[in-house]
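Notes follow the structure.
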C-alpha cells in the first residue's frame, strides 16, 4: 500500500522504528492525501477504545471502527496499517494516566501502593486491555511513563536496578492478576443474567453436601463455617485484593530491611510496617479523585497537546538538521570537483 504511514528516514539522528512504535511515539509520517472529511489516528483510536469499553476487545475490528466514524475500512489503513497496530495504540491511550506528585519526604511503600492502585484502576476502567497479549518489555511512551512513576516510588529504596525492575514486575503482575480475576467473575455473573447464585450462598449450600471431610479434610471446615464463599450478610471481613497487595508490599519491605536502614542518596529507608485500612482508603480515594477530577483531565489534555507540539518541533529540527548535513555534503562535493577541475586545467 503506497500511502500507509512510514517512519522517519534512517539517515536522521532518530533510529528507524517499527511502524506501530513510530505511531505510538508520534514520529510516523502522516499520509499526504486525506479523505474528504477530517480523519486522524487520534480519532480512529478513540473510536476503537469506545467500542472496546462497551463491548470488549472482540467487538473491535477495522471495519467496525471505520463504520462508527462514517468512513470506509480502506480509509483507516491509510493511518493505521493493521489491527495489531491499532491494539497497541488503544493500549497506549488506556495507560495515559495522570499521577499525583511524589511524596516528600519519599515513602516508597505509600507511593508504590498508590501506583499499584492506579494500575488496578486502569485495568478496571478498560478491562479489554487484559486481553491484549504481552509481547515484550514496555516500549511506548504511556507504558514507559507508568514504569517511570513506579521507579519514582522506589527512589528511596536501597535496591539495585535489576531489583527495582523485578519489584515493578511483581507489583504489576499482582495488579494484573487481581484485575483479571475480578473481571472474569463479573463476566460470569453477567453471562448468568446477573444471578450470582453460582458464586454465592446457594453454591455454599450445595458445597456443604458435596465437600466431605474425607476427600477435602482442610476445605470442609471452611465450607461449614461459610468462609469459603461468604453469604450476603457475612461478606469477607478481608478485602482480598487489598490484603494481597499489602502482603506483597510486606515482602518487598522485608527485602529492603535486610539491606540495612539507609541508602546512599535518600537517607533512612521507610519502616517495613503493614499499612492499616486508613492508609489503603486514602490511597484509593486519591486514585479515584485523579481519575474523575475535571481539572486533572483538563491539565492532562493540555500536557498531551504540548507533548504533541514538542514531538512535531523535534521532528522538524531533525528534518532541518538533515537538510543542513545534505547542504554541507553538496558543498564539499562541489568544492572537491572544482579543485579537481583546477588541477586538471593546470
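What the table shows:
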item	result
Filter result for residue 105 (surrounded by fewer than 18 Cβ atoms within 10 Å (Cβ to Cβ), under 30 Å from residue 251 (Cβ atoms) and modelled with pLDDT under 90)	no
Pick from the stretch 202-241, criterion within 28 Å of residue 176 (Cα to Cα) and surrounded by fewer than 12 Cβ atoms within 10 Å (Cβ to Cβ), ranking: modelled with the highest pLDDT	240
Helices (runs of 4 or more DSSP H) lying entirely in the stretch 41-142 (those with 1 or more residues that are within 22 Å of residue 174 (Cα to Cα) and touching a helix residue (DSSP H, G or I) at 6+ places or on another chain (Cβ under 6 Å))	83-94, 108-125
The listed residue being closer than 19 Å to residue 141 by Cβ and modelled with pLDDT of 75 or more, out of 317, 310, 334	317
Any hit, the stretch 73-90, residues being within 25 Å of residue 42 (Cβ to Cβ), modelled with pLDDT of 90 or more and not assigned by TED's automatic domain parsing to the domain that holds residue 49	no
Matching entry among 172, 167 (being surrounded by 15 or more Cβ atoms within 10 Å (Cβ to Cβ), closer than 22 Å to residue 248 by Cα and touching a residue at least 60 places away in the same chain (Cβ under 8 Å))	167
Conditions (1) modelled with pLDDT of 90 or more; (2) crowded, with 16+ Cβ neighbours inside 10 Å; number of the one not met by residue 99	(1)
Scope the stretch 244-275; condition surrounded by 14 or more Cβ atoms within 10 Å (Cβ to Cβ) and at pLDDT 50 or above; matching residues	244, 245, 246, 248, 249, 250, 252, 253, 255, 256, 257, 259
Residue in the stretch 47-69 that is within 25 Å of residue 149 (Cβ to Cβ), free of Cβ contacts under 8 Å to residues at least 24 places away in the same chain and outside the structural domain of residue 254 (by TED's automatic domain parsing) present	no
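The values are calculated or read from the model by the stated rules, or taken from the named source; none is laboratory data. Please read all numbers here as calculations on a predicted model, not as lab measurements. When we count neighbours, we look across all protein chains shown, and the Cβ atoms used for this are built from the backbone with ideal geometry, even at glycine.
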